[in-house]
Amino acid sequence: MCLENDSKLVSVIIPTYNRADMVTRVLDSVWGQSYRPIELLVVNDGSSDNTSEVIHHWMDGHPDNLFFVTRLLEQKNSGGCVARNLGLSQATGEYVQFFDDDDELLPEAIEASVRNLSNEANEVVSLGQAIYCAGSETLHTHFEDDIQFPFCVYNLPSPSFSLFRRNYLVDKKIFWDGNLSCGQDTDFVVTALLKGIRYKIMSIPTCRIYFHGQERVTQKLSTRQFEKYQYLLTKWHSLGTDLERDPEELRLILCIFVKIWLQKTLRANNRGVSENLCRLCKERGYDVLFFNKVACFFDYRVLRVISSIGNYFERGKFFLQRHFPGGGR
């Protein structure tokens, strides 16, 4: 166990809702960390099942001691973002780790993350990697030795892989947006990036992310999903402008997320949402948004949709005609 005289307290914040059947797995993974001291804050988001009773039973079997404390916070059902903000407001650790109630921290995750941040500035965040699982089956792993600015275009930094300094989040007002019922991690990451967060990458896994049931399966995207994109693009553009971020830096951040969103809409066979998203970006003034720096990462279907919008994306149309003859028509 890692416990030195100068060990800093780490607050682990876990929102939970109706997870009586699986919440003990994540609690066990926090208890089993090689690092101490830890403050575990579990926020019950108004569960209608016996999640609260299960957590109390677990706490009885894992009593507080000098180096590990568990607190169960209760709130009416308000969503994961509000729950995480409540946890953050009650946390006392120097470091904060947000985590989901259906995943699992690997035993040395926190120890490795704290070590990764030693002697680093407050705005630096430790970013680990993930092992993705469906039940006992490993779907895939991704270990990235180096993520270029602002991050890898294929794998976004997740708060579940990250260890933050609590005072930086609070001082910079980097909180979770309670208006969102989905896209919460994405918004938190972009807000953090725009407010100066920098990631220090570790090429080792720190957690297992589980896919189960329908909750993490990409849903068929709808008008409501487009409204979320519209809300986030407007929010991020305004925030970046207010913070006087470099326009090209802001353009690249938005470009990467729009690219990912386009791929999601096309995987869901919803071309209408894809086209509306392209038009929205054009209206926001991002005429060359998609092909400024990441053109080579688009697949054929994304290129077809972009080129079909009109002459706003000439570079994309040229790319289509060069590599997929007839595709830009």
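The values are calculated or read from the model by the stated rules, or taken from the named source; none is laboratory data. Everything numeric in this text was worked out from a predicted model, so none of it was measured. When we count neighbours, we look across all protein chains shown, and the Cβ atoms used for this are built from the backbone with ideal geometry, even at glycine.
Quick rundown of the values:
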item: Test: residue in region 143-161 that is in the same structural domain as L27 (by TED's automatic domain parsing), surrounded by 19 or more Cβ atoms within 10 Å (Cβ to Cβ) and modelled with pLDDT of 95 or more; result: no
item: Subset of region 55-86 [among the aromatic types (F, W, Y), over 13 Å from L41 (Cα atoms) and free of Cβ contacts under 8 Å to residues at least 60 places away in the same chain]; result: W58
item: Check on E137, at pLDDT 90 or above and acidic (D, E); result: no
item: Region 105-124, residues that are in contact with a helix residue (DSSP H, G or I) (Cβ under 7 Å, 6 or more places away or on another chain) and surrounded by fewer than 20 Cβ atoms within 10 Å (Cβ to Cβ); result: N122, E123
item: Which listed residue is at pLDDT below 95, farther than 15 Å from F164 by Cα and among the small types (G, A, S), from A121, A83, A130; result: A130
item: Criterion: surrounded by fewer than 21 Cβ atoms within 10 Å (Cβ to Cβ), out of contact with any strand residue (DSSP E or B) (no Cβ under 6 Å at 6 or more places or on another chain) and either touching a residue at least 40 places away in the same chain (Cβ under 8 Å) or more than 23 Å from L194 (Cβ to Cβ) (or both) - qualifying residue of S89, S47; result: S47
item: Unmet requirement for S34, which otherwise passes all of (1) under 30 Å from K172 (Cα atoms); (2) surrounded by fewer than 16 Cβ atoms within 10 Å (Cβ to Cβ); (3) of a type in the set (G, A, S); result: (1)
item: Per-region count, region 1-20, residues at pLDDT below 95 and either of a type in the set (D, E) or surrounded by 14 or more Cβ atoms within 10 Å (Cβ to Cβ) (or both); result: 4
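To keep it simple, each residue is scored yes or no on (1) at pLDDT 80 or above; (2) closer than 28 Å to I14 by Cα; (3) surrounded by fewer than 19 Cβ atoms within 10 Å (Cβ to Cβ).
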| site | (1), (2), (3) |
| --- | --- |
| M202 | yes, yes, no |
| C207 | yes, yes, no |
| T223 | no, no, yes |
| Y229 | yes, yes, no |
| L239 | yes, yes, yes |
| K264 | no, yes, yes |
| N269 | no, no, yes |
